[in-house]
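Asker: Have a look at this one.
The values are calculated or read from the model by the stated rules, or taken from the named source; none is laboratory data. Computed from a predicted model, the values in this text were never measured in an experiment. Here the Cβ positions follow ideal geometry from the backbone for every residue, glycine too, while neighbour counts run over all protein chains shown.
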Amino acid sequence: MTRIPSLIAAIADAALTVAIGFVIPLAITLASWLITGGFQTTAVELPVTVAASIWALGLGGGVGFSISPETYPALGIAEPFRFVISVAPLAFTAFIAWMGWRAGDGLSDDDAPWAGLGASTVTFALASWLSLAFATAEPMRIDVAGAVVVGTCTWLVMLLFGLRVWEYLPWEKWLGARVSDLTDLAPRALRIATGLVVGTLALATIALLVALVTSMGRVIGLMEALQLDVASIIGIGLLQLAYLPTMIVWAAAWLLGPGIQLGAGSTATLGGTDAGPLPVLPLLGMLPEGSSPYLWALIALPLALAAVIALIARNRNPGIDARVWWERLLPPAAGALAAAVALAVAAQLSRGSLGPGRLTEFGPEPWWMLLAAFGLFTLGGAIGAFLPLESSADVDSRDADSRDGVRKDSARKDSAREERVEADEESHADESDPRTRPHVIPFQSFFDRILGGHDDEDEDDDERETASAARQDDEGDSASQDVEVGDVDAAKAAEKRPRVSPYARPKQRIELRDAVNRSDEPDIYADIDPSEDPK
């Protein structure tokens, strides 16, 4: 049953999202209209329409422009022409997605959240329509229906993600006994996909910053060519910040290989830029000029990223190396597919028209983005899944040490110790000697802090010291095999001793380690009778 507070919160989130998305550009355009004295020559409908147009682009719609010689004689055109701008400022789209996920997460505690889901979606659609319906100033014409439909679909999809709608689906009825395989594969694949998407966007952000630094002169030159006043420069700068996530998606497409389409017949790829006349937009000054075959080496970055993330996933699932090859490859491949689909959707949202004629096709190609991302991520995942990290000499040495230990200990000691070793191997991969762990990778602690996994190196060192002390205690117990009763007591004490888990939180691990140390300390006052006279 849907709770009333959750229902009201979901409706309020939808209305608040639309209000913030519309009010922010409205405040900027009204401030510019007042500061520049535009209120003396133009009506207030113009800044309202401009703000609504920016918000419509953020929703995913388009804005048409009609230019006539009578209205703009300074342009020197002979005939009127029309064009559409539909490249979305993905900062608004990301805000809608985050608020939708937040609203869905608030409904996830309800037994039947469908009323809240429907009410929130209807509220978002109505509020979006109201925010765009009164923008009527020329020469802009907003595609209200397209903006409302695309924006509402984005909101609904993120509501479903926040609600975790897959938990309500009858997987057991559809898959039968295979549902256990799905529940084992899906979380690992989603973690890999999340790492791939975040890592790719991070690499794209770094590439964008490098391009901005190296082409700062061209960007400033394009800004000066617009001949804007101070208020207009501030407004253009803020608008470009809204388009910054769009540029990051374009940079991701450039790094993955497909590149960016700069109009019909023009592209910008790692091999070089082949572009015709472009709009005077300062951000386009970051496009690389000329061609250089050496830039194709950058395609190794997403490949290495996929390999590292596959190694991290492999390190967190120690038993995966004992499975058949396709079971080892399946999680990285499934994660690569999910990440490729997510990046292709982002490419589609960042694609659109930037002007008339050949500029109607601008941005990355979604299908090429999907194919390139899936191919690179799957190849890198296969490298990480099958890369040998343990030499045969280490394996033989450890096996020989194990055989020597078996010969020295008694059958009863061997049985108790093997049980403890098996329990340790289930919780962590072979802690007998940290140097021979088969899945230790460079920068492991750094990536584990980002994606979740093992704790810090300092805590691992403490744990290794505790394990070493425990092994020394076991060796001391085996040296006194002639006292059978004492051996039995020592084995029982070792079984009762709290074991420090490598996945425990730092505070818990310290408490467990202290408990181990206290259990090993001898009681020097055990033989003293308090009632006995010391004289």
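Asker: Find the residue count for the stretch 195-216, including only residues that are part of a helix (DSSP H, G or I), of a type outside the set (A, V, I, L, M) and touching a residue at least 60 places away in the same chain (Cβ under 8 Å). Give the derivation first.
Answerer: At the first step, the residues of the stretch 195-216 found to be part of a helix (DSSP H, G or I) are 195-214, 216.
Filter again for of a type outside the set (A, V, I, L, M), leaving 195, 199-200, 205, 214.
Of the ones still in play, those that are also touching a residue at least 60 places away in the same chain (Cβ under 8 Å) are 195, 199-200.
The number of residues fulfilling the criteria is 3.
Asker: What are the pairs with Cβ atoms under 9 angstrom where one residue, in the stretch 40-63, is in the same structural domain as residue 137 (by TED's automatic domain parsing) and at positive phi and the other, located anywhere, is hydrophobic (A, V, I, L, M, F, W, C) and in a loop (DSSP other than H, G, I, E, B)? Sequence gap at least six, or different chains.
Answerer: 60/88
Asker: Among the residues of the stretch 325-332, are any outside any loop (DSSP other than H, G, I, E, B), at pLDDT below 85 and more than 26 Å from the chain's Cα centre (by Cα)?
Answerer: As a first pass, look at the stretch 325-332 and keep what is outside any loop (DSSP other than H, G, I, E, B): 325-332.
Next cut, at pLDDT below 85 only: 325-328.
From what is left, the residues that are more than 26 Å from the chain's Cα centre (by Cα) are 325.
For the stretch 325-332, residues outside any loop (DSSP other than H, G, I, E, B), at pLDDT below 85 and more than 26 Å from the chain's Cα centre (by Cα): present.
Asker: Considering only the stretch 355-384, state which residues are at pLDDT below 85 and of a type in the set (A, V, I, L, M, F, W, C).
Answerer: 359
Asker: Does the stretch 9-48 hold any residues that are among the β-branched types (Val, Ile, Thr) and out of contact with any helix residue (DSSP H, G or I) (no Cβ under 9 Å at 6 or more places or on another chain), and which are they?
Answerer: 41
Asker: Then there's this: Kindly establish whether residue 114 is among the aromatic types (Phe, Trp, Tyr), farther than 20 Å from residue 238 by Cα and either surrounded by 15 or more Cβ atoms within 10 Å (Cβ to Cβ) or at pLDDT 90 or above (or both). Walk me through how you get there before you give the answer.
Answerer: Numbers: among the aromatic types (Phe, Trp, Tyr): yes; farther than 20 Å from residue 238 by Cα: yes; either surrounded by 15 or more Cβ atoms within 10 Å (Cβ to Cβ) or at pLDDT 90 or above (or both): no.
In short, no.
Asker: Do we find that residue 155 is aromatic (Phe, Trp, Tyr) and crowded, with 18+ Cβ neighbours inside 10 Å in this structure? Spell out the reasoning first.
Answerer: On the way: aromatic (Phe, Trp, Tyr): yes; crowded, with 18+ Cβ neighbours inside 10 Å: yes.
For residue 155, the condition - aromatic (Phe, Trp, Tyr) and crowded, with 18+ Cβ neighbours inside 10 Å - is met.
Asker: While we're on this one: Is there any pair with a first residue in the stretch 334-353 that is not assigned by TED's automatic domain parsing to the domain that holds residue 245 and a second that is assigned to a strand (DSSP E or B) whose Cβ atoms are under 9 Å apart and which are 6 or more apart or on different chains, and what are they?
Answerer: none
Asker: If a residue has to be out of contact with any helix residue (DSSP H, G or I) (no Cβ under 6 Å at 6 or more places or on another chain), modelled with pLDDT under 90 and within 25 Å of residue 15 (Cα to Cα) to count, how many in the stretch 144-190 make the cut?
Answerer: 2
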